[in-house]
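Working notes, beginning with the structure itself.
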Amino acid sequence: TLKKLIASYSSLLQQSKARVLGSSTYPTPKLIENREAMALVLHAGSTNKNAFKALIVGEYSGIKVDLVKDFEMGVSNKAPEFLKMNPLGKVPVLETPEGAIFESNAIARYVASLTENSPLLGCSAIDKAHIDQWIDFSAMEVDANILRWFIPRIGFAPYVPQAEEHAVTSLKRALDALNTHLASNTFLVGHAVTLADIIMTCNLVLGFSKVMTSSFTKDFPHVERYFWTMVNQPNIKKVLGEVKQTDSVPPVQAAQKPGAAKPKTEAKKEVKKEAPKPKAKEEVADLEEEAPKPKAKNALDLLPPSKMVLDDWKRLYSNTKKNFREVAIGGFWEMFDPEGYSLWFCDYKYNDENLVSFVTMNKVGGFLQRMDLARKYAFGKMLIIGNEPPYKLKGLWIFRGPDVPQFIIDECYDMELYEWTKVDLSDEAQKERVNQMIEDAEPFEGEALLDAKCFK
């Protein structure tokens with residue numbers, strides 16, 4: 001019996017080692033039903049980092065995923081047959097005999113699920129939850145901020161220095177959290193590559209190769225070690241090829257206009273200087289490929305001038321390090337103009353769903369990122385409350401004008417997830433609640449604060 005146990009343990013150890021090293025001795029995957037005969041066609045450009053996710057999963061799972069030939073961003077994804085699969089015209093899209101799938105993480109998860117008991121998806125309920133946790137983290141905290149940094153610099157979105165500073169700061173915060181986790185973990189979940197590692201790596205590739213120089217990443221040594229370990233895994237390297245870290249951040253280019261052609265003289269110079277590079281549209285094909293069109297003047301800009309200058313309050317909030325209640329809170333009420341601005345409490349409608357602290361904090365982080373469109377007209381504090389789940393989400397917001405601006409309600413879907421209540425300035429108890437939310441008072445309403453986030 002002891003010999004059998006030792007032999008069994010040895011076999012499991014070899015399988016685990018094979019998974020970690022990505023070697024050819026990785027256990028042969030067992031496909032569900034007869035799905036090895038399924039035709040999976042991935043519609044995307046050959047440089048699309050979101051398409052890499054499914055291709056890498058296919059390598060680990062022994063499932064053939066064919067990248068469609070001659071895909072041209074802006075042409076192929078506008079064809080009627082493509083729009084039937086994804087009406088938004090975004091890539092990648094996976095074509096299967098069972099129907100089309102869009103959104104790259106869903107595509108990768110589907111390909112992995114074709115293998116029975118796929119180790120990429122986790123073997124226990126907690127592992128599956130942790131894999132989903134890191135996938136969400138990768139999308140909302142890492143990928144989103146890399147794109148917010150990179151896209152404006154190559155001219156596919158307006159460049160706003162303050163927005164870039166916010167993106168870089170948020171990215172550093174995310175990488176710091178990732179670095180802390182990787183200090184004691186080789187992989188994100190367990191002791192082998194999972195779907196979370198594949199998606200995280202594909203998202204980091206854009207950062208390392210385009211904007212995150214070695215001087216930027218040196219503060220996150222465990223992230224560096226993890227990234228270079230991952231891109232050199234045989235199954236990943238087969239898809240990504242050689243990955244090189246950028247030496248510099250790309251210079252800011254003017255926002256590109258749809259269909260705008262360069263003068264012939266410029267085109268000739270470019271041909272002489274360097275060989276053609278992959279189109280930026282393919283590199284960021286999961287975004288709209290057209291430059292944003294000029295928008296009509298915001299209705300809030302047409303309101304009568306207010307004595308309150310929102311940026312002055314934001315500076316006071318950020319720069320006050322001592323006597324916060326007296327200096328910052330006192331200064332706020334001196335500045336506040338009830339005719340030009342309004343104060344609102346918000347309470348999350350579905351707090352019973354906030355069972356995982358990390359996911360709950362990411363939920364708030366995503367909300368604040370999507371509120372970027374309101375940065376000129378708003379200031380907000382979001383509190384994550386409680387030591388144990390379910391966690392409560394409560395917020396305080398200052399908006400230009402007497403109501404919650406309609407354009408924010410229309411553009412930010414998170415707004416409908418909260419109950420919005422206007423602060424009654426004649427009620428001293430409500431004004432004190434405003435004070436406590438601004439200064440992150442703890443305990444708040446009798447409960448501990450798990451975290452507090454500021455939108456400014």
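The values are calculated or read from the model by the stated rules, or taken from the named source; none is laboratory data. Only a predicted model underlies this, so the values are computations on that prediction, with no experimental measurement involved. Heavy atoms of the whole protein, side chains included, go into the accessibility calculation; ligands, DNA and RNA do not. Shrake-Rupley method; radii C 1.70, N 1.55, O 1.52, S 1.80 Å.
Figures for the structure shown
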quantity	calculated
Cα convex hull of segment 325-383, projected area averaged across orientations, nm²	5.6 nm²
Percentage relative contact order, segment 84-231, counting C-alpha pairs under 8 Å, at least six apart	22 percent
Accessible surface of segment 355-401 [probe 1.4 Å, protein heavy atoms]: carbon and sulfur percent	57 percent
Per residue accessible area in Å² of segment 316-456, where ligands, DNA and RNA are left out and the probe is 1.4 Å	47 Å²
Entries of LYS394/LYS456; LYS297/LYS349; LYS53/LYS90 with Cα pairs more than 21 Å apart	LYS297/LYS349
Of all accessible heavy-atom area on segment 63-103, the percent that carbon and sulfur account for (1.4 Å)	53 percent
Under 15 Å from LYS453, Cα to Cα: aspartates and glutamates that are on another chain or at least 8 residues apart	GLU141, ASP347, ASP372, GLU439, ASP440, GLU442
Heavy-atom accessible surface of segment 160-257: percent carbon and sulfur, 1.4 Å	51 percent
20 Å Cα-Cα reach of LYS376 towards aspartates and glutamates, excluding residues that sit fewer than 8 places from it in its own chain	GLU164, GLU165, ASP301, ASP311, ASP312, ASP337, GLU339, ASP403, ASP410, GLU411, ASP414
Cα centroid separation - segment 141-168 against segment 53-76, whole Å	27 Å
